[in-house]
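Laboratory data are not the source of any read-out in this text; all were calculated from the coordinates shown. This one's a predicted model, so the numbers in the text were calculated from it and none came from an experiment. Positions of Cβ are backbone-derived with ideal geometry, glycine not excepted, and every protein chain shown enters the neighbour counts.
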Amino acid sequence: MDPRFLHLLESNIAPTPLEVVAIQAEVERLSSKTHPTQHDPVLEAPLGQYRGILSPIRHIPSEIWGEIFYFATPAAVNEEDKGDLIDICCVRSTWYEAALHAHGLWANIKLAPLPEGKQYIYNNLISWLTRSGDLKRGLEYRSNVWEDCDVDDDDDYPTQEGFCPCRSGGNCMWMEDTVVARLMTEGPLLLHRVSFRNMYPRCIGNAMRSFQVAESGSSSTRPWSQIQELKLGMHTECWQGSWDSSSELPFRLIPPSVTSLLICLPQYGTAFNSKMECPRAKIDIAPAVLGQLTSLVLVCNWGFLHIATMLHHCRNLETLRLEFGFGFSKQALLHELDDSHPFIRRVQVEGGIQLPKLHTLQIYDGCETPILFLQWIKTPALRYLDLETTGSSGSICPNWTEALDDFVTRSGCARSIQYLRLASDCRSSSEESEYQRYFNGKTGLFLSSLSSLKYLTFTNLPIVAVLRTDFQNIEDPWNHGWLPRLQSLQLLHCWRHPHLNFDQLLIWLRKRGRQAPCWIHIEECVHDETLKGVEHHLRTISELLRVELGISFCVSAGIEVQFAQSLRRSSFFWKY
């Protein structure tokens, strides 16, 4: 090895352009001395070293390394992830510099109560968050889970998420941890997001009360008074509180600065001892706080009335996501829709709860409640509509087409909707019964009224029957064509394999004619052999669509439906 290049061999420093030329000359010189059929370790050792110095990996910019580190670490760093990130920084100096300049790595931290006698170091928390630069910072605090505890008595060993010493008569974890409270009351850094996960409602209340007690500074400059995103994850199987005790509930402690709110309430069965308690319970959020929200995520299976009462004050809401969950019976649901309640009568007289700025609406789970809930609201500015149902409760409401048409007509948003997704997370054994429940002969006419629709997705719905009986007969009196702006059509698990017959789809698309350039994706859970059997047919359809109508067409095998459902449910539902 030439002494001029030893500093490169002993580090990962990228060579200069002049050094690259000199090293390439050395590689060519050594390569000319080696025989392709003979092994000469004396020559091959330095040759390998020179080629290593010329490796492209040395020339990756530090910004790219920072992006790699960012995607390789969780969004919120906990104690374990912190050690992994420090290990990355210790590999080489350039990686350390790259990590320091990747501000997103340091913007979110995740904390949990430490063992008795230990506390977080205040200055270390400040130092870590300071590295985030000008990015918005976030703090997630979760309760202990059973892995965090070390006790000898198996009978007292906590087995449920949401463990806190106050469960067994001890002090609440927030009474013991003053460092986090100090960060939120005295800290020099403003936090944008605060999240509580898997905690008792009273523990969240204790935390929020401790944040409101400042030893110095005015209330307007405290970090807690400046947060904009707040997540209250109250799910726990062993909560022993009472919704009649307002002193234990955190809703009135939400700071007025919050514009984005997520609330995951305990399940109906664990929050109440009887059906009579639920109607009397209150989600007591100040109307002023609700009135300034622009984003709301609510996971609640307590029934419509609680949700509607909150939405009545959300005049500035722009995005809304509701997850009703399971466990609310069909009889209780129908009882709530009875117009004997004064608030329900008022909503009916007004034609629904007015949400004038709402542009994104997502409603998931709860049998057929996505469609039922639409009769409660009016959304004139709606652009994004995503509805998903379990579809397992039977027909307890009008079919989807008429309910959707009534909602869109009442809201006056037919010309503003650009994205529509209709999905069921299970498939019925009878395609005809599913067709009668979700669609009818007016489905095509309803979709044709959405003149601005660009993205349309059906998942686990009997769309084949609709293609066969409805879409072929669409008559457009304005001669604008059917969905003239459609850019993407996805039919996910809508066929009943192994009968993958796309002839009806081809006929329908030819009836539609050439509109804007469109991409069509069909996904089915089929074996590769099934797709191979219709491969020639699919290739022919794809070429016809491309030539005749300018449509890009593809078919994929997809994944098992049950596996996809488990992934979706594990990502959000009842996990806060």
| query | Between Arg539 and Gln292, what FRET efficiency follows from the Cβ-Cβ distance if R0 is 51 Å, with the result rounded to 0.05? | reply | 0.40
| task | May I ask you to list the trypsin sites (Lys or Arg not before Pro) in segment 99-133 that are in a DSSP loop and have at most 11 other Cβ atoms within 10 Å of their Cβ? | result | Lys118
| said: How would segment 72-149 be classified by its alpha-carbon gyration tensor: rounded, prolate or oblate, with rounded meaning a/c under 1.5 and the a/b versus b/c comparison settling the rest? | reply: prolate
| query | Does segment 260-299 come out rounded, prolate or oblate by the C-alpha gyration tensor, with a ≥ b ≥ c the root eigenvalues, rounded set by a/c under 1.5 and, if not, prolate when a/b is larger than b/c and oblate if not? | reply | oblate
| query | How large is ³J(HN,Hα), in whole Hz, for each residue of segment 128-140 in order, when computed from phi with the Karplus curve 6.51 cos²θ - 1.76 cosθ + 1.60 and θ = phi - 60°, using x for Gly and Pro? | reply | 5, 5, 4, 5, 6, x, 9, 5, 6, 9, x, 10, 10
| task | Give Lys82/Lys282; Lys378/Lys454; Lys136/Lys357; Lys282/Lys442; Lys231/Lys442; Lys282/Lys378 a once-over and call out the pairs whose C-alpha atoms are over 32 Å from each other. | result | Lys82/Lys282; Lys282/Lys442; Lys231/Lys442
| Check Asn108: other-chain or 5+ apart residues with amide H under 5 Å from its amide H, H built from backbone geometry? | Val77, Gly138
